[in-house]
Amino acid sequence: MTPRLAGIEIVVADMASALAFYRVLGLDIPVDADAEQHVEVDLGGVRLLFDLPSTITSFDPTWTPPSGGHRVALAFDCGSAAGVDAAWAAVTEAGYSGHLQPWDAFWGQRYAVVHDPDGTTVDLYANV
């Protein structure tokens, strides 16, 4: 059997805050999930998993949050340069942290970077 990537997990400090951020980016997450310890969102074959630190330490009591720079980034294809600009505006106007404003990158994409409430890097891009 060959292993198949089935999920990407993000450990979040506050479930409601984290899920609100990802809803701004268009993920369909039920509001009642805000009170859960573990949430899964099907992205079409791969699941995005959200866990509170208490969930992780329930089976790994030695776990500690990473420090320093980010260890994972999520990337959202916004479809067009205007889509990148619109996603940036939606996220930052909702009060979330913008890191790199939209710009035309030398590698042929409109590109921007925002951070979710826990500091996870989220890339917004479109091929141009």
Where a residue in the stretch 1-17 is touching a residue at least 60 places away in the same chain (Cβ under 8 Å) and within 18 Å of residue 30 (Cβ to Cβ) and its partner, wherever it lies, is open to solvent by 50 Å² or more (accessible area, probe 1.4 Å) and of a type outside the set (A, V, I, L, M, F, W, C), with Cβ under 7 Å and at least six apart: 12/118; 14/117; 17/117
Failed item, numbered, when residue 79 is tested on (1) of a type in the set (Gly, Ala, Ser); (2) in contact with a strand residue (DSSP E or B) (Cβ under 8 Å, 6 or more places away or on another chain); (3) exposed (fewer than 11 other Cβ atoms within 10 Å of the Cβ): (3)
Yes/no for residue 41 being open to solvent by less than 50 Å² (accessible area, probe 1.4 Å) and not aromatic (Phe, Trp, Tyr): yes
Selection from the stretch 44-53 of residues that are within 23 Å of residue 92 (Cα to Cα) and either open to solvent by 50 Å² or more (accessible area, probe 1.4 Å) or aliphatic (A, V, I, L, M) (or both): 48
Unique residue being open to solvent by 40 Å² or more (accessible area, probe 1.4 Å) and touching a residue at least 60 places away in the same chain (Cβ under 8 Å) when the list is 96, 125: 96
Residue match in the stretch 9-23 (condition: under 16 Å from residue 118 (Cβ atoms), out of contact with any helix residue (DSSP H, G or I) (no Cβ under 8 Å at 6 or more places or on another chain), of a type in the set (Asp, Glu) and surrounded by 12 or more Cβ atoms within 10 Å (Cβ to Cβ)): yes
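The values are calculated or read from the model by the stated rules, or taken from the named source; none is laboratory data. Quick caveat, the model's predicted, so the values are computed rather than measured. A quick note on method: Cβ atoms are made from the backbone with ideal geometry, for glycine too, and the neighbour counts reach across all protein chains shown. Areas reflect the complete protein model, heavy atoms only, side chains present, ligands, DNA and RNA absent. Shrake-Rupley method; radii C 1.70, N 1.55, O 1.52, S 1.80 Å.
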